[in-house]
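Input: a single structure, listed below in structure tokens.
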Amino acid sequence: MTTISRRNLLAAGAALPLAGLASTARAEAPMMGASFARHRRFMIGGFEVTTILAGTRPRENPQGIFGMNVSADEFAAVSEANFLSTAASQFFFTPTLVNTGSELILFDTGLNADATGGALQSAGYSPDQVDVVVLTHMHGDHIGGMMKDGAPTFANARYVAGQAEYDHWAGQENERFEANVRPMAEKMSFIGDGGDVTGGITGMAAFGHTPGHMVYRLESAGQGLVIFADLANHPVWSLARPDWEVRFDADKEAAAASRRKVLGMIAADRVPAIGYHMPFPAVGYVAPGGDDAEFRWVPEAGQLMG
């Protein structure tokens, strides 16, 4: 007969955690891979704003894209000071949704319908809920999601675009424009500098990246935000140094002038901003720069969570 004493129980209990640890040590959790959420949502006055990640990809040789008019030594020094590789950079593609309470407005449609649709779904939306699609400009990574298999992705939406931008591409031979934009022309309204998308959302000319590139200012209940699209395509190699030439800018001198004007306005007004190619979630502030930088990108750090 075995006698179980209090001392025996305590000893047995003390051994149990060790046995559990041994079992845990043998179980190997799989590596999950790098990831992060695909949307960021916050309020600007009465507007609910959501940025969605519709894609991200690396690109080699960043000086083949940014800072094309500066020396390799200067580019390397600026990159090293900002913890950036000169071998590759990561590109982000970030459409923005604005729910005004009466309309759901999508700014730009991403690279393709599947990627943008997946990002919409991750944020709790479906393409048929979009009431208005605003095109900041008509490069392929902004109009690529407009159509899927020859049918409109956003079946219930009307469209808004800059008149100068549409006129430019309509006069070119561009396969992506012909497939995605021209079929929707009858559903489009066209605006110029100062034109309204809807109450509280105004277009601003920021030509240079493309001949009719537009940015958009939101105002609601005393709060503001600027969606600056491709005005600046990188926080260090473009935004901070507006005179650094960018390969994708059609008119590099005009693009630099637009950067300086719009970024100066954002900095002076101290309003948050969204950049289509800024590191996701693409939300931040523009501050005056220092040393060799004219501006500084300050990622949002919880200011918009209230």
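The values are calculated or read from the model by the stated rules, or taken from the named source; none is laboratory data. Keep in mind it's a predicted model, so treat the numbers as computed, not measured. In this analysis, Cβ positions are derived from the backbone assuming ideal geometry, glycine residues included, and neighbour counts consider all displayed protein chains.
Table for the structure above
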| quantity | calculated |
| --- | --- |
| Residue ranges of strands (runs of 3 or more DSSP E) in the stretch 213-276 with at least 1 members buried (at least 23 other Cβ atoms within 10 Å of the Cβ) and at positive phi | 223-229 |
| Pair list, Cβ under 6 Å, 6 or more apart: the stretch 218-232 residue within 7 Å of GLY45 (Cβ to Cβ) and touching a residue at least 60 places away in the same chain (Cβ under 8 Å), other residue of a type outside the set (Val, Ile, Thr) and buried (at least 17 other Cβ atoms within 10 Å of the Cβ) | SER220/PHE47; SER220/GLY200 |
| Hits in the stretch 184-212 (condition: among the polar types (S, T, N, Q) and surrounded by 17 or more Cβ atoms within 10 Å (Cβ to Cβ)) | THR202, THR210 |
| Qualifying positions in the stretch 173-212 - part of a loop (DSSP other than H, G, I, E, B) and among the small types (Gly, Ala, Ser) | GLY192, GLY194, GLY195, GLY199, GLY200, ALA206, GLY208, GLY212 |
| Test: residue in the stretch 91-98 that is aliphatic (A, V, I, L, M), within 18 Å of ASN233 (Cβ to Cβ) and surrounded by fewer than 24 Cβ atoms within 10 Å (Cβ to Cβ) | no |
| Pairs with Cβ under 9 Å, 6+ apart, first in the stretch 268-284 and closer than 14 Å to GLN303 by Cβ and touching a residue at least 12 places away in the same chain (Cβ under 8 Å), second assigned to a helix (DSSP H, G or I) and of a type outside the set (Val, Ile, Thr) | VAL271/MET265; ALA273/LEU263; GLY284/PRO235 |
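The rows are residues; the columns are (1) modelled with pLDDT under 95; (2) surrounded by 14 or more Cβ atoms within 10 Å (Cβ to Cβ).
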residue: ALA37; (1), (2): yes, no
residue: GLY45; (1), (2): no, yes
residue: THR51; (1), (2): no, yes
residue: ALA54; (1), (2): no, yes
residue: ARG59; (1), (2): no, no
residue: ILE65; (1), (2): no, yes
residue: MET68; (1), (2): no, yes
residue: GLU74; (1), (2): no, yes
residue: SER79; (1), (2): no, yes
